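Q: I have a structure here, written as structure tokens, and I will follow up with some questions on it.
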Amino acid sequence: MSHDVYSEFLLEHARSPQNNRVVINPTCHVHVLNEGCADDLQLDIFFENGKVVNVGFYGTLCALSTASSSLFTEYLKGKTIEELRLITPGSVYNLLGVTIVESRTRCVLMCYEALQKTLQICSPLQK
């Protein structure tokens, strides 16, 4: 893994993020706030037949949170609820391809945290 947190790959996702939008009539909508740096993330997911068919994120995010959310939401598309439950923080780090310093882990994992909240509170997804 590279140590350059601001690699061109991540900067491109920060400048032109994928899925940076509101999803109309989402199955689940969650909000996550990182009080340490004031990042504010909203995640919308629409499920159909037990799979993610549409996902969007938006809010006020730093470049690292934006890039991570862009990559992570692309990764979620087409996944079943069972597959979503198997995702770990390591999955996010692997998507980024860089080593993250401890002080920035919360920025990187905001979208993961929003997914975990989705799995906990969204009634169609609870077991």
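The values are calculated or read from the model by the stated rules, or taken from the named source; none is laboratory data. Just so you know, these numbers come straight off a predicted model, no measurement behind them. Positions of Cβ are backbone-derived with ideal geometry, glycine not excepted, and every protein chain shown enters the neighbour counts. Heavy atoms of the whole protein, side chains included, go into the accessibility calculation; ligands, DNA and RNA do not. Shrake-Rupley method; radii C 1.70, N 1.55, O 1.52, S 1.80 Å.
Q: Give the number of residues within the range 1-38 that are of a type in the set (A, V, I, L, M), modelled with pLDDT under 95 and open to solvent by 70 Å² or more (accessible area, probe 1.4 Å).
A: So the answer is 1.
Q: A further question follows. For residues that are open to solvent by 30 Å² or more (accessible area, probe 1.4 Å) and either in contact with an Asp or Glu (Cβ under 9 Å, 6 or more places away or on another chain) or in contact (Cβ under 8 Å) with a residue 24 or more places away in the chain (or both), tally how many sit in the range 110-125.
A: Of the residues in that region, 5 qualify.
Q: From Gly50, Gly78, Gly59, which residue is crowded, with 16+ Cβ neighbours inside 10 Å and at positive phi?
A: Gly59
Q: Looking at the range 92-117 only, could you name the residues that are of a type outside the set (Lys, Arg), at pLDDT below 95 and outside any loop (DSSP other than H, G, I, E, B)?
A: Residues satisfying the conditions are Val92, Tyr93, Asn94, Leu95, Leu96, Val98, Glu102, Ser103, Thr105, Cys107, Val108.
Q: From the list Thr88, Thr80, which residue is within 14 Å of the chain's Cα centre (by Cα) and at pLDDT 90 or above?
A: Thr88
Q: Can I ask one more? Identify, from the list Ser69, Ser103, the residue that is open to solvent by less than 30 Å² (accessible area, probe 1.4 Å) and out of contact with any Asp or Glu (no Cβ under 9 Å at 6 or more places or on another chain).
A: Ser69
Q: Just to be sure I understand the filter: pairs with C-beta atoms under 7 Å, separated by 6 or more residues or on different chains, first member in the range 75-101 and within 20 Å of Phe57 (Cα to Cα), second member of a type in the set (Ser, Thr, Tyr) and open to solvent by less than 20 Å² (accessible area, probe 1.4 Å). Which pairs pass?
A: Within 7 Å, the pairs are Val92/Ser68; Leu96/Ser68.
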